[in-house]
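Single-structure report; data block below.
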Amino acid sequence: MKKRTIVALPGDGIGRVVLEETIRVLDAAGFEADYVEGDIGWEFWKKEGNPLPQRTLDLLAKHKIALFGAITSKPKDEAAEELSTELRDKGLIYSSPIVGLRQHFNLDICIRPCKTYVGNPLNFIRRGADGGIEEPEVDAVIYRQNTEGLYGGVEWSNPDKQVYDAFMTHPKFKKNFGSVPKEEISISTRIFSKGATERILRAAFEHAKEYSYKSVTLCEKPNVVRETSGMMYKMALKMQKEEYPSIELWNTNIDAQMMWLTKNPENYGVIVAGNLFGDIISDGFAGLIGGLGFACSAQMSADGIAVFEPTHGSAPKYADFKTSIVNPIAMVESACMMLDYIDEKAISTKIRRAVADVVAEGKVRTYDMMKMSGRPDVIEKGAASTHQMAEAIIAKINQ
């Protein structure tokens, strides 16, 4: 087994503790790596005016693979107020470093698996036709286009004349907004390109083919968002017909899909969507498998750069607790996705089996698994700390 160098990006809030505990799990499972820490997040915005310094980009460009903890993002005005005094009034504008990371390296493929663990008390349940309780097995993988769409960052408030005049050439803009004062208008664009759309669709179909999923569901809104969602749907139809005829293509609208999540989630396998809708649907499925404490993700480029992270945020309200209470499983699962990516599947299988055993046994549960509010006293009430959950996973690995 080749020893690797992994860029560790703790980020903000709880990011550091879940990353540290995950590295302990990796060590216990026999994964040998050197970890080099990269600077990213809110503290670097406040001190340097840049939450994603060039030195961090250079680290990832060199070593290719990163484990990322969590990030804090705040609205533009709040971010400006937290800059150090000497950096204020210099025209610095905060932007999310994780979005910046995605766009800098073109990490356009985002994968978010959502799979139930047997015995998880947070699993979705429903009432069956006979009145009994059913617990459907959820095994969905969401492929989210990660760099375009509404998160592409092409936005204006009080757009300059050139931009405004360009929008005024569109008859619907002129009819609906032509009488609105320019200074009262904010515009966010939703841009899809055929190349990036083709990549995410192909990645979804290839995953379905490799892991024997019967369908790929395109979750967009082509009946209303006709140009972008419409283009994606047409491309998916053509690709399925010409290259993947044995895999069914299902087409659902994002709003209806959110309803169907709690009707028949077990029917869905691979789901593919643009940036915003993919973000929404992946969080929806995460709720069915226990919430963001179980939601992992990977994002990767065509050039071999990949970042693995839990989909939860930095949870700053928990960061200052004397004993960390957050669930590290999402971070551990993200590390398993990294292991799969670098072809260390024997180790990822060992870790996933240990996590499954801990969850099924039910003796060690973090506060979310015990359905408690996130308060410092949950440890006294029987909830496991972040460290204790990692210890339980390690103990299973060592059995």
- prompt: Which one is surrounded by the fewest Cβ atoms within 10 Å (Cβ to Cβ) among residues in segment 193-233 that are touching a residue at least 40 places away in the same chain (Cβ under 8 Å) and in contact with a helix residue (DSSP H, G or I) (Cβ under 6 Å, 6 or more places away or on another chain)?
  reply: LYS221
message: Looking at LEU150, LEU67 in this structure, which one is in contact (Cβ under 8 Å) with a residue 40 or more places away in the chain, of a type outside the set (Gly, Ala, Ser), crowded, with 16+ Cβ neighbours inside 10 Å and closer than 23 Å to ARG16 by Cα?
response: LEU67
query: Is there a residue being over 25 Å from ILE191 (Cα atoms), surrounded by fewer than 24 Cβ atoms within 10 Å (Cβ to Cβ), free of Cβ contacts under 8 Å to residues at least 40 places away in the same chain and hydrophobic (A, V, I, L, M, F, W, C) anywhere in segment 304-324?
result: no
- request: Filter segment 160-215 down to the residues that are of a type in the set (Asp, Glu) and more than 28 Å from ASP139 (Cβ to Cβ), then identify the one that is farthest from the chain's Cα centre (by Cα).
  value: ASP165
query: Taking segment 339-390 as the region of interest, how many residues are within 17 Å of ASP27 (Cα to Cα) and over 21 Å from the mean Cα position of the chain (by Cα)?
result: 13
query: Would segment 167-183 turn up any residue that is of a type outside the set (Val, Ile, Thr), in contact (Cβ under 8 Å) with a residue 24 or more places away in the chain, exposed (fewer than 11 other Cβ atoms within 10 Å of the Cβ) and over 29 Å from LEU101 (Cα atoms)?
result: yes
message: Can you say whether THR262 is β-branched (Val, Ile, Thr), touching a helix residue (DSSP H, G or I) at 6+ places or on another chain (Cβ under 9 Å) and outside any helix (DSSP H, G or I), as far as the supplied structure shows?
response: yes
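Okay, residues lined up against (1) free of Cβ contacts under 8 Å to residues at least 40 places away in the same chain; (2) touching a Pro at 6+ places or on another chain (Cβ under 7 Å):
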residue: PRO53; (1), (2): yes, no
residue: ILE71; (1), (2): no, yes
residue: PRO97; (1), (2): no, yes
residue: VAL138; (1), (2): no, yes
residue: ARG144; (1), (2): no, no
message: I need a count of the residues in segment 121-156 that are β-branched (Val, Ile, Thr) and either in a loop (DSSP other than H, G, I, E, B) or not assigned by TED's automatic domain parsing to the domain that holds HIS207 (or both).
response: 4
message: Regarding segment 68-84, can at least one residue be identified that is within 25 Å of GLY304 (Cα to Cα) and modelled with pLDDT of 95 or more?
response: yes
- line: The correct count of residues that are without any contact (Cβ under 8 Å) to a residue 60 or more places away in the chain and either assigned to a helix (DSSP H, G or I) or crowded, with 24+ Cβ neighbours inside 10 Å (or both) in segment 24-37 is 1
- prompt: On the given criteria, is ILE271 under 27 Å from GLU155 (Cα atoms), buried (at least 20 other Cβ atoms within 10 Å of the Cβ), under 25 Å from the mean Cα position of the chain (by Cα) and among the aliphatic types (A, V, I, L, M)?
  reply: no
- prompt: How many of the residues making up segment 68-104 are of a type outside the set (S, T, N, Q), over 26 Å from ALA140 (Cβ atoms) and part of a helix (DSSP H, G or I)?
  reply: 11
query: Hey, among ALA80, ALA70, ALA61, ALA66, which residue is closer than 22 Å to ILE325 by Cβ and small (Gly, Ala, Ser)?
result: ALA70
field: Checklist (1) out of contact with any strand residue (DSSP E or B) (no Cβ under 7 Å at 6 or more places or on another chain); (2) farther than 26 Å from ASP340 by Cα; (3) surrounded by 17 or more Cβ atoms within 10 Å (Cβ to Cβ); (4) small (Gly, Ala, Ser) applied to SER84, failing item
entry: (3)
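The values are calculated or read from the model by the stated rules, or taken from the named source; none is laboratory data. From a predicted model like this one, the values you see are computed outputs, not experimental measurements. Every residue, glycine as well, gets a Cβ built from its backbone with ideal geometry; the counts of neighbours run over all protein chains shown.
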